[in-house]
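Comments concern the structure below.
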Amino acid sequence: MSALEKINRENIPSHIAIIMDGNGRWAKKAGALRVFGHQQGVESVRAAVEGSVELGVKHLTLYAFSTENWNRPKLEVMALMKLLVNSITKEAPKLHKQNIRITAIGHLDQLPDDARKGLEKGIELTKDNTGLNLQLALSYSGKWDIAQAAKRLAERVAKGELSPEDINEDTFANHLSTAGQPDPELMIRTSGELRISNFLLWQLAYSELYITDKLWPEFGKEDFFEAIYSYQNRERRFGKTSEQVK
Ligand code: IPE
Ligand code: IPE
Ligand code: MG
């Protein structure tokens, strides 16, 4: 039975977050340059997007570039930025036709001008779409997200719009870059690394983690469905006992 057939359509995560890792190792195995792995990874993005649309996932957050990734060799960073502009420019009209909304979270000011402009065009073109929210985490850092939320809250308190007593988990979450979105029920990481790598630190507080040894360019739609099936077979207890949630 395929993973898709096993999936319970009544229990689809509303938000799935993915750390797309392993492009470099995949390229190395193929005897190619790292950039080739990143290019091949775009196919896996397509698969995850298609899978999300088929199942009615509302938000798909893809970790495409972390703030720490700026420390990679300059040529690789440039190649990644170029791939970003090219992919967005090429894919945006197709995504638009499918009612997909492109959004981005992260320190976008740090992106080179052409990458930022290409991204902004895609965001603008698709901004009124009501289907899948395809959210790219770019120059993203979970610590940055929390710090910028704290800064914005402090500014609002200084202006007298809010009082310190108003700051709680809900108001805080509303100042994160993911304001208004449900936290990811499922977080997938490819390439077997057992870490969060500064992804959505606050938002992943109670996410189910699915880590596979498959490298990102090898991760296809069937693997995406398999991750969702695995999620559906977890018991989410949120601190309660198993008896309480049964
Ligand atoms: C993930 O693949 C893509 C980005 C971080 C941009 P990597 O480039 O990290 O691949 P590995 O981990 O070196 O194999
Ligand atoms: C995490 O992958 C960032 C992205 C997938 C964009 P990395 O390859 O940068 O993570 P580390 O360095 O192995 O933790
Ligand atoms: Mg990596």
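The values are calculated or read from the model by the stated rules, or taken from the named source; none is laboratory data. Computed from a predicted model, the values in this text were never measured in an experiment. Methodologically, a virtual Cβ is constructed for each residue, glycine included, from the backbone with ideal geometry; neighbour enumeration extends over all protein chains shown. Note: accessible area is taken over every heavy atom of the protein model, side chains too, but ligands, DNA and RNA are not part of it. Shrake-Rupley method; radii C 1.70, N 1.55, O 1.52, S 1.80 Å.
Go through region 182-207 and count every residue that is more than 16 Å from ligand 1 (Cβ to nearest atom) and surrounded by 11 or more Cβ atoms within 10 Å (Cβ to Cβ).
The total comes to 11.
For region 1-50, enumerate the residues that are in a helix (DSSP H, G or I), touching a strand residue (DSSP E or B) at 6+ places or on another chain (Cβ under 9 Å) and more than 16 Å from ligand 2 (Cβ to nearest atom).
Passing the criteria: only Val49.
Can you tell me which residues in region 82-136 are part of a helix (DSSP H, G or I) and among the small types (Gly, Ala, Ser)?
Correct list: Ser87, Ala92, Ala115, Gly118, Gly122.
Among Ala179, Ala173, Ala158, which is away from ligand 1 (no atom under 16 Å from the Cβ), farther than 23 Å from Arg101 by Cβ, of a type in the set (A, V, I, L, M, F, W, C) and surrounded by fewer than 20 Cβ atoms within 10 Å (Cβ to Cβ)?
Being away from ligand 1 (no atom under 16 Å from the Cβ), farther than 23 Å from Arg101 by Cβ, of a type in the set (A, V, I, L, M, F, W, C) and surrounded by fewer than 20 Cβ atoms within 10 Å (Cβ to Cβ) holds for just one of Ala179, Ala173, Ala158, which is Ala158.
Scan region 153-170 for residues that are among the charged types (D, E, K, R) and under 21 Å from Leu204 (Cβ atoms) and jot them down.
Across region 153-170, the qualifying residues are Glu169, Asp170.
Looking at region 191-201, can you tell me whether even one residue there is more than 13 Å from ligand 2 (Cβ to nearest atom) and touching a residue at least 60 places away in the same chain (Cβ under 8 Å)?
no
If I go through region 20-63 residue by residue, how many of them are open to solvent by 10 Å² or more (accessible area, probe 1.4 Å), within 8 Å of ligand 1 (Cβ to nearest atom) and either within 23 Å of Arg101 (Cβ to Cβ) or β-branched (Val, Ile, Thr) (or both)?
Residues that pass the stated criteria total 2.
Just wondering, is there one or more residues in region 189-203 that are in contact with a strand residue (DSSP E or B) (Cβ under 6 Å, 6 or more places away or on another chain), within 29 Å of Ser2 (Cα to Cα) and not basic (Lys, Arg)?
no
Working only within region 64-81, note down all residues that are basic (Lys, Arg), within 13 Å of ligand 1 (Cβ to nearest atom) and either in a helix (DSSP H, G or I) or loosely packed, with under 14 Cβ neighbours inside 10 Å (or both).
Listed by number, the list is empty, since nothing qualifies.
Quick check on Arg237: is it under 16 Å from the mean Cα position of the chain (by Cα), without any contact (Cβ under 8 Å) to a residue 40 or more places away in the chain and surrounded by fewer than 16 Cβ atoms within 10 Å (Cβ to Cβ)?
Values: under 16 Å from the mean Cα position of the chain (by Cα): no; without any contact (Cβ under 8 Å) to a residue 40 or more places away in the chain: yes; surrounded by fewer than 16 Cβ atoms within 10 Å (Cβ to Cβ): yes.
For Arg237, the condition - under 16 Å from the mean Cα position of the chain (by Cα), without any contact (Cβ under 8 Å) to a residue 40 or more places away in the chain and surrounded by fewer than 16 Cβ atoms within 10 Å (Cβ to Cβ) - is not met.
Results for (1) farther than 24 Å from Ser230 by Cβ; (2) in contact with a His (Cβ under 9 Å, 6 or more places away or on another chain), shown as yes or no for each residue.
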| site | (1), (2) |
| --- | --- |
| Ala158 | yes, no |
| Glu161 | yes, no |
| Asn168 | yes, no |
| Ser177 | yes, no |
| Pro182 | no, yes |
| Met187 | no, no |
| Leu194 | no, no |
| Leu201 | no, no |
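Yes or no: Phe225 surrounded by 20 or more Cβ atoms within 10 Å (Cβ to Cβ) and not acidic (Asp, Glu)?
Yes.
Within region 210-219, is even one residue among the charged types (D, E, K, R), outside any loop (DSSP other than H, G, I, E, B) and over 17 Å from the mean Cα position of the chain (by Cα)?
Checked against the condition, which is being among the charged types (D, E, K, R), outside any loop (DSSP other than H, G, I, E, B) and over 17 Å from the mean Cα position of the chain (by Cα), region 210-219 yields at least one hit.
For region 61-74, check the following and say yes or no: at least one residue is more than 16 Å from ligand 3 (Cβ to nearest atom) and of a type in the set (Gly, Ala, Ser).
no
List the number of the failed condition for Glu124; all other conditions in (1) in contact (Cβ under 8 Å) with a residue 24 or more places away in the chain; (2) open to solvent by 80 Å² or more (accessible area, probe 1.4 Å); (3) of a type in the set (D, E, K, R) hold.
(1)
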